[in-house]
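S.K.: A single structure is presented below for examination.
The values are calculated or read from the model by the stated rules, or taken from the named source; none is laboratory data. These numbers come from a predicted model, not from an experiment. When we count neighbours, we look across all protein chains shown, and the Cβ atoms used for this are built from the backbone with ideal geometry, even at glycine.
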Amino acid sequence: MHRLTLAQIARGLAAKDFSAVELSDALLARIQQLDPQLNSFITVTADQARAQAQAADARRASGENGALLGAPIAHKDLFCTKDVLTTCASKILHNFKAPYDATVVEKLAAAGTVSLGKLNMDEFAMGSANESSHFGAVKNPWDLSRVPGGSSGGSAAAVAAGLIPAATGTDTGGSIRQPAALTNLTGLKPTYGRVSRWGMIAYASSLDQGGPLARTAEDCALLLGAMAGFDPKDSTCVDAPVDDYLAALNQPLAGLRIGLPREYFGAGLDARIAEQVLAVVEELKKLGATVKDISLPNMQHAIPAYYVIAPAEASSNLSRFDGVRFGYRCENPVNLEDLYKRSRGEGFGAEVKRRIMVGTYALSAGYYDAYYLKAQRIRRLIKNDFVQAFAEVDVILGPTTPNPAWQLGAKSADPVSAYLEDIYTITANLAGIPGLSMPAGFVDGLPVGVQLLAPYFQEARLLNVAHQYQQVTDWHTRTPAGF
Amino acid sequence: MALERSDVEKIAHLARLGLDEAEIPRTTETLNNILGLIDRMQAVNTDGIEPLAHPLEATQRLRADQVTETDRRDAYQAIAPAVENGLYLVPKVIE
Amino acid sequence: MQWETVIGLEIHAQLSTRSKIFSGSATTFGAEPNTQASLVDLGMPGTLPVLNEEAVRMAVKFGLAIDAELGRTNVFARKNYFYPDLPKGYQTSQMDHPVVGKGHLDITLEDGTVKRIGITRAHLEEDAGKSLHEDFHGMSGIDLNRAGTPLLEIVSEPDIRSAKEAVAYVKAIHALVRYLGICDGNMAEGSLRCDCNVSVRPKGQEAFGTRAEIKNVNSFRFIEKAINHEIQRQIELIEDGGKVVQETRLYDPNKDETRSMRGKEEANDYRYFPCPDLLPVVLEDSFIEQVRGELPELPGEKRARFESQYGLSAYDASVLSASREMAEYFEAVQAACGDAKLAANWVMGDLSSLLNESGIEIEQSPVSAQQLGGMILRIKDNTISGKIAKDVFKFLAAREGATADEVIEKKGLKQVTDTGAIEAMLKEMLDANAAQVEQYRASDEAKRGKMFGFFVGQAMKASKGKANPGQVNELLKKLLEG
């Protein structure tokens, strides 16, 4: 049962092959049995899952047949879940039971999904290896000595290991796409503003977007359809109709114009990954796509710009964690300053503190123009690159990551080396465009992802291309040994 | 321009982050590595380019002036570290 | 040395919206602690702000009223600092692109001259909560009900030259925001708060001296005292060879002194940057025109109209237009009695004294405009004299009658106009003063004038003031002529 996709689950539930309760019980048992190897869950909500599954079965019995009714999922632990621990994988929120549900959580619950729990992640979504969690590193089911990617590493590991068919994640610089690539999943970062950020604990507000991780593009389409949409509680959420992502999946690719940015195939890219990516291009050509070489000349500037903008916003976003109204508070503070400094100093992990300090510095008097404004100007250059490119092509294709999953601990001593792994993904966040990563083969037994980028609000196009590719290939059906 | 120990202490104070004495040299070094990466930006010509704060360049939507919230103090304070008589408690504020 | 004072004021006006600037919490004053603090106001993780339209409308109203350039695209920024009454660790405010740009306001000084004060800008921001310092085992208590209440911070140019001018300016802003209906102006409840930037420089010097900022002065009287104290402190300091340091000071009304707020200014680096959770606010022409259409008559316009329409003196017109409530009251009295001058005299005279004595606002006046107007009608039709009217007014104030007519009736204050009755009363009075009558008749014209006053006085006394003074004069003259 743990191999079923969301689409197959919907059919199975409709045909009464199994009930939502049976399915969620089976997966909960699997989590209990296998997750100790992976550490992908921070909290398992078995009781709540059973109640939701029973409710879903009852709704089906009364004639409802929504595609997600009874579908088990789990949420990245930065989506607020009412009265359920919501930690952001941080000590500073180790005891935080959110007093409300995030819009994404609410929408998915309304669609009838059954939430099995909360998934591990990099602390406050800062990282690309899922090693900065207060609750310990997450392991990659394809090789338990390697990282699953981050920051949605728990989401990726749990889905890849068949503990759940799909999960929510968030992507600020690649945090859905990169772990999806490293664990052989399909993951989508929607256009900025497509999915509500209400209740999604902020890392960098102008870059964060929630999205799905699943085994197929079709499942991503199912989930995104339920997650996306206008939310009056989020000023940056866009009031535009949500496309019918499922209906768009089956469009033929004849005439699709694919752009291959030469900057994505330069130095730093593992040659074996380049090969796999080009094989995907060949496959898409067979489906009728045409290919064009393009240039995104400012791509290389994206990393420094990102590592100013994201920490700057984070330094401010994370000021609310002060030990006063919720979360961790240090023991016996002697005065206010002590309360702040020790609660935050003890509550935040090393990477979070680093980024807060970088951001604080970048915004401080005398440096604002040289850092923050400069980064925002580069941000516009990057956006302009995409606008220009999309005048000529429908989607942009390249590798999701320069390397496959690395050994646990290999980059933790040198943050900068880990930052460089984000090179292909962060441009989409800076520009706000949607991006998808899908399985594209293996290197030394480790999954490789290919990334597709599209113009604003063309998630349907990304899912369509990925789905068509998945109809003629089987990379996405491969599963890690032992899971 | 490299940060020195005193810069790091000042930044940590602004951000109200307590640092262990022992951490400071290592933190200073790491921050300098990161700033080295960031400083690559300075080579980019951005003359005449307007800063971009939001990718979509949309404008703010306005909310009708209606009271939609009810008192949920008990629920909100149930998760607070220290409260008394409905107030959040902090070490004495001196003005 | 001759010193010149330079003052710039920052006034924080709480906008009288129903809900907060970024959340749907109520803004009512005086609620139980933290019962009006929602997820957003508490800075709960994952929460986001959505801007209240009414706050923007009110800011635009103010901008139009001071003839300001409006921030057609205005931007919210975060001002970052840690304080327990600031739940998010930043205040959402406006920095480089405020909603209201350069404008001005004319103030009337005590000698009647008009001075134009420049307004640099006015921007929207959220208020902070409150720290309560009564002892909770050595802790402070934090109430976040006020957190997120919309504020309009109005920043003046350093155009003000004395404490008295500062007070006149604050009063003018106070009147204006109340005219506009955007702030209740209740300074005791903190709805209007004032920070005073004060510096001194030798007369004739162009460069400004170093300024000190006196925070949160919350009454007109304290503004004047705090500024005067600060001027004195700075002059003495400099004359003793010291230097003014740029700092924040607090005014202590009990000791009548300002003292330094230690630490608060220490290395302040607010790290302003555009708030990524809010988008730029664009003011469309249609919105601005709609707001312009909603503008009431402003104090300056009203003053001019009072002069031209009612023929009031400049002074009277400015007193009566000083507050919207006063102006409305005056116009209601005028409408009821049809006599602007009498209405003005009564409102500025007996009514104002009454309000002052009882320490109440005109809205709470025990004598309504209709009652006062009705009473003035009775003066005009000679039912009562102006003197008796003062008594009628007092009875009305003591609620001893619903209308002037009722009071006059009940208390028997109606003027006596029956010629026969007055004549009989006068004869009786002249008989009782036979010696003076003799004397009068023996005197020349010049002396008679003075003595005539004596008989009038006696007559009014005898009639308890109720005899019609005109008739008394006429009849008395006739009787004395013999």
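S.K.: Being in a helix (DSSP H, G or I) and outside the structural domain of C:Ala398 (by TED's automatic domain parsing): is that true of C:Ser286 here?
M.R.: yes
S.K.: Looking at this structure, is C:Ser385 touching a residue at least 60 places away in the same chain (Cβ under 8 Å) and buried (at least 16 other Cβ atoms within 10 Å of the Cβ)?
M.R.: So C:Ser385 passes the test.
S.K.: Considering only segment C:158-207, how many residues are acidic (Asp, Glu) and either part of a helix (DSSP H, G or I) or under 13 Å from the mean Cα position of the chain (by Cα) (or both)?
M.R.: Residues meeting the conditions: 2.
S.K.: A:Ile273 is checked against (1) more than 24 Å from A:Gly149 (Cα to Cα); (2) under 25 Å from the mean Cα position of the chain (by Cα); (3) surrounded by 15 or more Cβ atoms within 10 Å (Cβ to Cβ) and fails just one. What number does that condition carry?
M.R.: Tallying (1) more than 24 Å from A:Gly149 (Cα to Cα); (2) under 25 Å from the mean Cα position of the chain (by Cα); (3) surrounded by 15 or more Cβ atoms within 10 Å (Cβ to Cβ), A:Ile273 fails exactly one: (1).
S.K.: Would you mind stating whether C:Ala343 is assigned to a helix (DSSP H, G or I), at pLDDT 95 or above, more than 19 Å from the chain's Cα centre (by Cα) and closer than 27 Å to C:Leu109 by Cβ?
M.R.: Against the criterion (assigned to a helix (DSSP H, G or I), at pLDDT 95 or above, more than 19 Å from the chain's Cα centre (by Cα) and closer than 27 Å to C:Leu109 by Cβ), C:Ala343 qualifies.
S.K.: Residue under question is A:Tyr245, and the condition is that it be within 14 Å of another protein chain (Cβ to nearest Cβ), aromatic (Phe, Trp, Tyr) and in contact (Cβ under 8 Å) with a residue 12 or more places away in the chain; does it hold?
M.R.: No; evaluated as a whole, the condition is false for this residue.
S.K.: Starting from segment B:23-39, take each residue that is without any contact (Cβ under 8 Å) to a residue 24 or more places away in the chain and list its partners that are surrounded by fewer than 18 Cβ atoms within 10 Å (Cβ to Cβ) and in a helix (DSSP H, G or I), counting only C-beta distances under 8 angstrom and pairs at least six apart or across chains.
M.R.: From residues that are without any contact (Cβ under 8 Å) to a residue 24 or more places away in the chain, the pairs are B:Ile24/B:Arg5; B:Ile24/B:Glu9; B:Pro25/B:Arg5; B:Asn33/A:Val416; B:Ile34/A:Val416; B:Gly36/A:Val416; B:Leu37/A:Val416.
S.K.: How many residues, within segment A:65-89, are within 14 Å of another protein chain (Cβ to nearest Cβ) and not hydrophobic (A, V, I, L, M, F, W, C)?
M.R.: Result for segment A:65-89: 8.
S.K.: Just need a number here: residues in segment C:451-478 that are more than 22 Å from C:Lys411 (Cβ to Cβ), buried (at least 19 other Cβ atoms within 10 Å of the Cβ) and free of Cβ contacts under 8 Å to residues at least 40 places away in the same chain.
M.R.: Residues meeting the conditions: 1.
S.K.: Next up: Do the conditions hold for C:Val245, that is, is it out of contact with any Leu (no Cβ under 7 Å at 6 or more places or on another chain), surrounded by fewer than 16 Cβ atoms within 10 Å (Cβ to Cβ) and touching a residue at least 60 places away in the same chain (Cβ under 8 Å)?
M.R.: No: the conditions fail for C:Val245.
S.K.: Restricting segment C:149-179 to residues that are buried (at least 19 other Cβ atoms within 10 Å of the Cβ) and among the polar types (S, T, N, Q), which is nearest to C:Glu294 (Cα to Cα)?
M.R.: Among those residues, the one meeting the criterion is C:Thr149.
S.K.: Same structure, new question: Determine if segment C:356-379 includes at least one residue that is within 23 Å of C:Gly112 (Cα to Cα), exposed (fewer than 13 other Cβ atoms within 10 Å of the Cβ), of a type in the set (S, T, N, Q) and within 18 Å of the chain's Cα centre (by Cα).
M.R.: For segment C:356-379, residues within 23 Å of C:Gly112 (Cα to Cα), exposed (fewer than 13 other Cβ atoms within 10 Å of the Cβ), of a type in the set (S, T, N, Q) and within 18 Å of the chain's Cα centre (by Cα): present.
S.K.: Hey, another quick one. Residue check, C:Thr113 against (1) surrounded by fewer than 23 Cβ atoms within 10 Å (Cβ to Cβ); (2) among the hydroxyl-bearing types (Ser, Thr, Tyr); (3) within 14 Å of another protein chain (Cβ to nearest Cβ), all met but one. Which one?
M.R.: Going through (1) surrounded by fewer than 23 Cβ atoms within 10 Å (Cβ to Cβ); (2) among the hydroxyl-bearing types (Ser, Thr, Tyr); (3) within 14 Å of another protein chain (Cβ to nearest Cβ) one by one, C:Thr113 breaks only (3).
S.K.: Right, something else. If a residue has to be in a loop (DSSP other than H, G, I, E, B) and modelled with pLDDT of 90 or more to count, how many in segment C:361-398 make the cut?
M.R.: Final tally of qualifying residues: 5.
S.K.: Just checking, how many residues over segment A:157-203 are within 15 Å of A:Asn120 (Cβ to Cβ) and under 8 Å from the mean Cα position of the chain (by Cα)?
M.R.: 6
S.K.: From the set of residues in segment A:297-318 that are more than 9 Å from chain C (Cβ to nearest Cβ) and among the hydroxyl-bearing types (Ser, Thr, Tyr), which is nearest to A:Arg355 (Cα to Cα)?
M.R.: By that ranking, first place goes to A:Tyr307.
S.K.: Exactly one condition in (1) in a strand (DSSP E or B); (2) modelled with pLDDT under 95; (3) closer than 26 Å to C:Arg211 by Cβ is not met by C:Val155; state its number.
M.R.: (2)
S.K.: Among the helices (runs of 4 or more DSSP H) confined wholly to segment B:1-84, which include 2 or more residues that are charged (D, E, K, R), within 8 Å of chain A (Cβ to nearest Cβ) and more than 30 Å from A:Arg380 (Cβ to Cβ)?
M.R.: none
S.K.: Of everything in segment A:351-366, what is in a helix (DSSP H, G or I), surrounded by fewer than 22 Cβ atoms within 10 Å (Cβ to Cβ) and more than 8 Å from every other protein chain (Cβ to nearest Cβ)? Give them in sequence order.
M.R.: Listed by number, the list holds a single entry, A:Glu351.
S.K.: Now for a different question. Quick check: anything in segment C:234-255 among the basic types (Lys, Arg), within 13 Å of another protein chain (Cβ to nearest Cβ), more than 20 Å from C:Val177 (Cβ to Cβ) and under 28 Å from the mean Cα position of the chain (by Cα)?
M.R.: yes
S.K.: Which one of these is crowded, with 23+ Cβ neighbours inside 10 Å and hydroxyl-bearing (Ser, Thr, Tyr): C:Ser25, C:Ser16?
M.R.: C:Ser25
S.K.: Then there is this: Would you please name the residue that is farthest from the other protein chains (Cβ to nearest Cβ), looking only at residues in segment A:90-106 that are closer than 18 Å to C:Leu48 by Cα and part of a helix (DSSP H, G or I)?
M.R.: A:Glu106
S.K.: Could you tell me how many of the residues in segment C:129-143 are outside any strand (DSSP E or B) and either touching a Leu at 6+ places or on another chain (Cβ under 6 Å) or more than 8 Å from chain B (Cβ to nearest Cβ) (or both)?
M.R.: Count: 2.
S.K.: Further question: Output the residue which, of all residues in segment A:319-347 that are of a type in the set (A, V, I, L, M) and more than 8 Å from chain C (Cβ to nearest Cβ), is nearest to B:Lys92 (Cα to Cα).
M.R.: Out of the qualifying residues, it is A:Val334.
S.K.: From the list C:Ala37, C:Ala31, which residue is part of a loop (DSSP other than H, G, I, E, B), touching a residue at least 40 places away in the same chain (Cβ under 8 Å), within 14 Å of chain B (Cβ to nearest Cβ) and buried (at least 24 other Cβ atoms within 10 Å of the Cβ)?
M.R.: The conditions single out C:Ala37.
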